[in-house]
Amino acid sequence: MPRRLIRRRRRTRHGNEVEELRPSTGRMERPRAAQGAFYKSGPMLAMPDVFDGSGSASRKHQAGEAEADSLQTVLPVTLQVSGKGEPSRDSAKATTIRLEGRTDADFDGGSFETQNVRVSAAEGCDACTEGDPCVRARGILVARYQVTTDVDLPSADDFPDLTPCQRARVQQAIDTVLAPHEQQHVEAFEQYNGVTRTPFDLTLCRSEFDSAIQSMFDDQEAARRQDAQDDSDRLDPFHFDVDIDCDEPPEEGESSTDEAATSEDGGNPEEPAETPEAEPESS
């Protein structure tokens, strides 16, 4: 696009005036004297309201200001928020009690003796000598066994924080469930009790007879004790929980529901109730 040229006068060094053409800078400059009073006042920081023909502010400008005022009234400056919750406390209380018992057994180890022993000369022994001959011994080994048991059961007194209703439940469980179970342990251990009679027929050096009878008895006693212990062990582990979630019965002197209902119906509590006649028993 061609630039516009303007004519300007300037004075030379010798005082002569000359005319020259220069390109325009893109805006028309007007002498300050030709400017109106509005522009002579200097630069403006904001444009004034635009007025229509009636002299009032334009509707568009008024609507913009109203919307801005509305936003400033409704919206907060920031959206930061803080607060604190309500403290609380909770607790849990067991509604069951675990009960366990214990039964101890003391085995006496047994005792034995030989009866009706008959001894005769024999052959076939390897290490016997003339002073310790080979013999045949026949007879009966009599053994006696005894066990003592001790049952340890808990008691409702072991739980001092229980209410009367809860104590009753615990004691009932001890008497009807735990005690019978421990009695089963007693019966298992008491299988050890008794007397046995075991025949024997041995061929050995005479000096070996006592140790042979002792070894026979020891094996018998160990097997008998182990059988009793195994029967007891098969009953365990055993424990159970008692439900102690119960309500206390009303105390003496409290009105029952029926008595309260009678009073509300207008009845006279002082009048004794009629006793029905007893029916005769049939023969």
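Averaged over residues, the count of other Cβ atoms within 10 Å places the peptides 225-233, 139-147 in the sequence 139-147, 225-233, highest first. Charge dipole of region 101-243 (Cα centre as origin; +1 on each Lys and Arg Cβ, -1 on each Asp and Glu Cβ, all else neutral): 660 debye, rounded to the nearest 20. Less than 5 angstrom separates the built amide H of T198 from those of L141, V142, A143, all sequence-distant by 5 or more or on a different chain.
Toward the positive end of the charge dipole of region 101-243, with +1 on the Cβ of Lys and Arg and -1 on the Cβ of Asp and Glu, the farthest Cα among A105, A212, F240 is that of A212. Could you give the Stokes-Einstein D for region 101-243 in µm² per second, using the C-alpha Kirkwood radius, 25 °C, 0.890 mPa s? Here the translational diffusion coefficient equals 130 µm²/s.
Relative to one another, the C-alpha centroids of region 211-253 and region 123-160 are positioned 23 Å apart.
A short reminder: the numbers here are calculations on the coordinates, not readings from a lab. In this text the structure is predicted, and so the values were computed from the model without any measurement. All Cβ positions, glycine included, derive from the backbone under ideal geometry; neighbour counts span all protein chains shown.
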